[in-house]
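Here is the structure we will look at.
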Amino acid sequence: MQLAKLAFGGETRDDGQIMDMGNKVSRKKEFVPPLTSVVSSGKWEKPKPQAASVETELVVDPDDPHGQIKRRKSVRPPPGPSA
């Protein structure tokens, strides 16, 4: 979302996940030039991926009718030293 804020200067909502883009409709003419400009200027840097903690795991949510995958605290003991 940082890239969008730099390119369009809008406000976000829902924990920074949604930005109102007003009446913009053309990807080619209204979205790409501002995004390209910000990336080319060096004002924005691609975020570095964060390694998953060994203390978490991905599981299918049994309560979700669509089988959404979520990350949760691991129920397995952390790996110990090898003998």
- request: Answer yes or no as to whether VAL39 is closer than 23 Å to ARG71 by Cα, among the β-branched types (Val, Ile, Thr) and either modelled with pLDDT of 85 or more or surrounded by 10 or more Cβ atoms within 10 Å (Cβ to Cβ) (or both).
  value: no
- request: Tell me which of these TRP44 doesn't satisfy, since it passes every other one: (1) in contact (Cβ under 8 Å) with a residue 40 or more places away in the chain; (2) part of a helix (DSSP H, G or I); (3) of a type outside the set (Ser, Thr, Tyr).
  value: (2)
- request: Can you give me the number of residues within the range 42-62 that are farther than 30 Å from PRO77 by Cβ and loosely packed, with under 10 Cβ neighbours inside 10 Å?
  value: 4
- request: Take the range 11-23 and flag every residue that is surrounded by 10 or more Cβ atoms within 10 Å (Cβ to Cβ) and in contact (Cβ under 8 Å) with a residue 12 or more places away in the chain.
  value: GLY16, MET19, MET21
- prompt: In the range 8-36, which residues are at pLDDT 85 or above, out of contact with any Phe, Trp or Tyr (no Cβ under 8 Å at 6 or more places or on another chain) and part of a helix (DSSP H, G or I)?
  reply: PHE8, LYS29, GLU30, PHE31, VAL32, PRO33, LEU35, THR36
query: If you go through the range 24-36, how many residues are under 18 Å from the mean Cα position of the chain (by Cα) and exposed (fewer than 10 other Cβ atoms within 10 Å of the Cβ)?
result: 0
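The values are calculated or read from the model by the stated rules, or taken from the named source; none is laboratory data. These numbers were taken from a predicted model, which means no experiment stands behind them. For neighbour counting, all protein chains shown are included, and Cβ atoms are generated from backbone atoms with ideal geometry for every residue, glycine included.
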